[in-house]
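One structure below.
The values are calculated or read from the model by the stated rules, or taken from the named source; none is laboratory data. No experiment lies behind these values; they were computed from the predicted model shown. Because the Cβ atoms are built from the backbone with ideal geometry, glycine has one as well, and the counts that use them run over all protein chains shown.
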Amino acid sequence: MSQTIQDLPGTGPAPQTGPGAGARPDAKSNNPGLFRMLLRDKFASAGAVILLLVLLTAAFGPMLMGDLATRQNLLFANKAPFNPANGWEYFLGSDSLGRSVLARLVVATRTTLAVAVPAVAVAMVIGSLWGVWAGYHRGWRENVSMRVADVIMSFPSLLLAVVVLYVFSPSAANIVLILALTRIPIYLRTARAESAELQSRTFVDAARTFGARPNAIIRRHVIPVVTPTILTLATLEFCYVMLAESSLSFLGIGIQPPDASWGLLVSQGRQYLQTAWWLSIFPGLAIVITAISANMLAAWLRIATDPAQRWRLALPGRRKLIVRLKAKESK
Amino acid sequence: MLSYLRKRIISSALPLLVVIVGVFALARLTGNPASLYLPLNATEQMRADFTARHGLDQPLLVQMADYFGGVLQLDFGTSLRTGESAATMALRAFPATLQLAATTMVLAILLAVIVGSWAALKPNGIADRISSFVSMAAASIPDFWLAIVGIWIFAITLGWVPTSGVTGAAAWVLPIGTLVMRPFGALVQVVRGAMVSALSEPYIKLARSKGASQTRVVTHHALRNASAPALTVAGDLTVGLVNGAVVVETIFGWPGIGKLMIDSILQRDFAVLQACVLLTAVAIFVLNIVIDLLYALLDPRVRPASAVSRARKARPAPAPVETAPANA
Amino acid sequence: MTMTSTAETSAGRTAACPVVLRVEGLDVDIRTPAGTVRAVSNAGFEARAGQTLALLGESGCGKSMTAKAVAGLLDPVAHVAGGSAELEGRDLLRMTPKQRRKVAGAELGIVFQDALTALNPVYPVGVQLGEAFRIHHGASAARAREQAVQLMRRVGIPEPESRVNAYPHQFSGGMRQRILIAMAVALSPRLLIADEPTTALDVTVQAQIMDLLRSLREEGDMAVVLITHDLAVVAEEADDVVVMYAGTVAEQGPVGQVFANPRHPYTKGLLESVPVDAERGSSLASIPGSPPELKNIPAGCVYQDRCPLAQAVCRQERPVLREVAPGRRAACHFSDSLATASTLEEIQP
């Protein structure tokens, strides 16, 4: 009979060997707060700051610059950017009607976010709740849900947009609905996979044995575990939805003038590319910078909310990795 | 193989049917095409004639029955715009899209494997940080804007390439350069992630313990294992491209299926739209089968039992099911 | 060379066996969020041709880390901070990567713990078995395949000709472990490191694998370093044992002597916790407490918190590993008293 040391009564759990042996910090004693971990990652904090700035611009910018965005001044048409002589309003140049590009950009920020944020939120809430429900119950509920997701995924979303444009009014609210509808399957699939995996775990079984009702189990045990993944996904999706809205607006089946979103500004500036490049370039840059920020934050979130990977973020900066041994003194 | 095909067909048929019916109904919701195809001063009689001639006065269900009856005899209807067979128009546009998609994906995969593997060699090293930023940026740039910037710099300012059209190799540079960004960005991250986890597997240590060089470890052992998850994502990206790169095809005047689809939507050219949807659905169906076959080729663990039974007479151990990570 | 001369007098049979691996003063550091910690501290031992040396200890005691450091397969967060590991006179720790690759596989073979994850899932076992021949001998694919079939026959895999094209997942756990062993001994290395080779296996299969390792060792006159936490395996298989605790060597020497007369309270505690003649219902002896975390290793003796003998001196002064009998070393202030006392309770200085 082989008695192993690991079986010995009285020897507690010892640090694991393997990748990062002993490197995993004790969950309680050595776990810096999320915020402090964010500050450690320069890229992610930069992304968070930029997103915050974009949000603030969308919230307060139109109040400050709304008038400026519509004020036409034909004497000031097509002014090139970065010329301090034109005054700060025209720092990013002016369009063919002499409107300030900067002010139009600020006002478009609100429209862009007013589409992207609600669309992401609606899709996230519906999709993940649906997915959790389908994954928890398995069986026909799961099958039907997955087929519905397949149908939505393979439906040409452009057609949906055109239908809404022709049949209903092309308002921002309708574009939110289209974008939300087409992105629901993403959350549905992710939440279903996680929930299906969770419902087979012991702690959910235990809750079931104690007679907890499905909805209570889902609320207390499944949703809290799924939430970090879903939030990370939503950050990525924000990027996608913003690009989708700008593509629709660019094609003329999204936001309609006189409203303006970043994508629409790019589209409107396109015909002046030879004479006034700044009309298209700056709104596009706004999209790119915002999207990269969201991406970087999502990449960080993915690691930070994963207990198995979080320790990586807490590792001190890497100094010289390979320590060259000094030549051994001869004996 | 046959049972696999049968399963695939059954699981794809129902969603496809729902999509076709949905497209059929929704397209007709956009309005009567008569107002687009008849002169502004057309009389009520002319409108009624037009509507009746194209069967648009029938109830929706009758129209649908007619359509599916035609499809079963490989008659996909005629275009309202040109009077041509809708199937011919869709088939003519498709090669342009396929060429674009194939070139883009080959380029994206090649670049992503090189950059992603390079980044994975030293996680969090300088190469990793650079490539992660570049790939994120590549995946974040809206294609229409990139196309415009490309036109502005290379076509207008420098005059190196034409602004649109399909004539000559130079015409390919901008569309491909624009399209390749997003698949490249997404794939670099997938390849990098798969390579990092493959390189930390015990079998890498085993290979090193046999004296394998770094090159051999990376190309022979890690990359081969990392290729399966990368293939899943590459497949999804290819599906997106086969659906037609609407924006890029529109901007560069590329006569592909995406441009044909958006044109027929805007022109209420119902038959052509439906033909496009059907054609891409069939293409994607075939593509998915090819991806499944490639997957089985790359990972012996997912091969059906019959293919390997020759080798496992003595003692069949149950194959451990390793589910590929769900891609978000 | 004091070790060799003293060993000659005590255990005569080791004298004829040349030292293949000599590890001295090996330190291994790991970077953690809390800073750099020492996972292995001043480890030293010798492995002799045709003999088995066991590294014994609980998980996390540094035995695996020691072996990985010798084999040059440490994880990226760990690195060797000092010491030497000489394989037939050449220091492995000071070799260039290229020199190491020439040694790896050819002179130093390793058997990993879990054969399912250690074998590459996408290649047939024959390809993987033949790889060493291709790398070191430049063999052709066909030649490497022949060698693979021979190896499979040598480690007792039935129908090697047809199974050579099968994939790892198509073998049973025991067969996979045989394949892994075949891979390690492919080029008849001088030193074989076996990292818990039987942990993942059934008890009956464990015995077969240990038999196979023993016969291969005798055939090839290899030195085997066996890493294990199983006292019974050590008693049956090993000639010498190194008992490790919290990254340090607690005691080492010939297995028979160490187990009959332990000179370190940790070894003694381990042996007493084996239920040899325990009656049903009687409580098992155990060592109270758990090993210190690497970042909280106390000053003084690493075992002080769990040691029944701990005195003031143990808290202030770390005992050095010193010779306590010919061929035996222990790191305890009281190892001399342990030699005479029969139970720990008798030692009350």
>> residue B:152 - would you say it is within 11 Å of chain A (Cβ to nearest Cβ) and either part of a helix (DSSP H, G or I) or not β-branched (Val, Ile, Thr) (or both)?
In response: yes
>> Condition first: facing chain C (nearest Cβ under 8 Å) and buried (at least 23 other Cβ atoms within 10 Å of the Cβ). Now tell me which residues in region B:213-224 satisfy that.
In response: B:221
>> Quick test for you: out of B:199, B:174, B:179, pick the one residue that is modelled with pLDDT of 85 or more and more than 18 Å from residue B:246 (Cβ to Cβ).
In response: B:199
> How many residues are surrounded by fewer than 17 Cβ atoms within 10 Å (Cβ to Cβ) and either within 29 Å of the chain's Cα centre (by Cα) or in a helix (DSSP H, G or I) (or both) when one looks only at region C:149-171?
Replying inline: 5
> Looking at this structure, is residue C:301 at pLDDT below 85 and of a type outside the set (Asp, Glu)?
Replying inline: no
> Can you tell me which of A:267, A:261 is without any contact (Cβ under 8 Å) to a residue 60 or more places away in the chain and either crowded, with 21+ Cβ neighbours inside 10 Å or under 22 Å from residue B:138 (Cα atoms) (or both)?
Replying inline: A:267
> Does residue B:52 satisfy the criteria of being part of a helix (DSSP H, G or I) and closer than 27 Å to residue A:158 by Cβ?
Replying inline: no
> Within region A:106-141, can you find the residues that are hydroxyl-bearing (Ser, Thr, Tyr) and within 20 Å of residue A:153 (Cα to Cα)?
Replying inline: A:128
> Taking region A:101-155 on its own, how many of its residues are polar (S, T, N, Q) and under 30 Å from residue A:72 (Cα atoms)?
Replying inline: 3
>> Here's a check for you: in region C:172-208, which residue that is within 16 Å of the chain's Cα centre (by Cα) and assigned to a helix (DSSP H, G or I) is nearest to the other protein chains (Cβ to nearest Cβ)?
In response: C:184
> Of all residues in region C:201-214 being hydrophobic (A, V, I, L, M, F, W, C) and more than 22 Å from residue C:53 (Cβ to Cβ), which is surrounded by the most Cβ atoms within 10 Å (Cβ to Cβ)?
Replying inline: C:205
> Which one of B:41, B:124 is out of contact with any strand residue (DSSP E or B) (no Cβ under 8 Å at 6 or more places or on another chain), modelled with pLDDT under 80 and within 14 Å of chain A (Cβ to nearest Cβ)?
Replying inline: B:124
>> Taking the conditions exactly as written (out of contact with any Pro (no Cβ under 8 Å at 6 or more places or on another chain) and not in a helix (DSSP H, G or I)), does residue A:131 satisfy them or not?
In response: no
> Restricted to region A:137-193, and to residues that are polar (S, T, N, Q) and assigned to a helix (DSSP H, G or I), which residue is surrounded by the fewest Cβ atoms within 10 Å (Cβ to Cβ)?
Replying inline: A:143
> Checking residue C:261 against (1) away from chain A (no Cβ under 14 Å); (2) on the phi < 0 side of the Ramachandran plot; (3) modelled with pLDDT of 90 or more, which test does it fail?
Replying inline: (3)
>> Pairs needed: first member in region A:222-238, touching a residue at least 60 places away in the same chain (Cβ under 8 Å); second member anywhere, surrounded by fewer than 21 Cβ atoms within 10 Å (Cβ to Cβ) and basic (Lys, Arg); C-beta distance under 6 Å; at least 6 residues apart or different chains.
In response: A:232/A:302
> Restricting attention to region C:66-77, which residues are in contact (Cβ under 8 Å) with a residue 40 or more places away in the chain and within 7 Å of another protein chain (Cβ to nearest Cβ)?
Replying inline: C:71, C:77
>> I'd like the full set of residues that are modelled with pLDDT of 80 or more and either among the aromatic types (Phe, Trp, Tyr) or more than 25 Å from the chain's Cα centre (by Cα) (or both), limited to region B:1-24.
In response: B:24
> Would region C:244-262 turn up any residue that is among the acidic types (Asp, Glu) and more than 30 Å from residue C:82 (Cα to Cα)?
Replying inline: no
> Which numbered condition trips up residue B:123, out of (1) in a helix (DSSP H, G or I); (2) touching a residue at least 40 places away in the same chain (Cβ under 8 Å); (3) closer than 30 Å to residue B:200 by Cβ?
Replying inline: (1)
> Would you call residue B:70 on the phi > 0 side of the Ramachandran plot, modelled with pLDDT of 80 or more and not charged (D, E, K, R)?
Replying inline: no
>> Of the conditions (1) within 18 Å of residue B:184 (Cβ to Cβ); (2) within 14 Å of chain A (Cβ to nearest Cβ), residue B:113 satisfies every one except a single condition; which number is it?
In response: (2)
>> Within region C:31-50, take every residue that is buried (at least 24 other Cβ atoms within 10 Å of the Cβ) and facing chain A (nearest Cβ under 8 Å) and give me the one that is farthest from residue C:234 (Cα to Cα).
In response: C:32
>> The conditions are (1) at pLDDT below 90; (2) of a type in the set (A, V, I, L, M); (3) under 21 Å from the mean Cα position of the chain (by Cα), and residue C:310 fails exactly one of them. Which is it?
In response: (3)
>> Of all residues being of a type in the set (A, V, I, L, M) and out of contact with any helix residue (DSSP H, G or I) (no Cβ under 7 Å at 6 or more places or on another chain) in region A:194-228, which is nearest to residue A:298 (Cα to Cα)? Just the residue, please.
In response: A:216
>> Which count do you get for residues in region A:202-253 that are within 28 Å of the chain's Cα centre (by Cα) and not in a helix (DSSP H, G or I)?
In response: 2
>> I'd like to check which helices (runs of 4 or more DSSP H) are fully inside region C:51-148 and have at least 3 residues that are at pLDDT 90 or above and crowded, with 20+ Cβ neighbours inside 10 Å.
In response: C:63-71, C:125-137
> Which condition number in (1) closer than 21 Å to residue A:250 by Cα; (2) without any contact (Cβ under 8 Å) to a residue 12 or more places away in the chain is the one that residue B:265 fails?
Replying inline: (2)
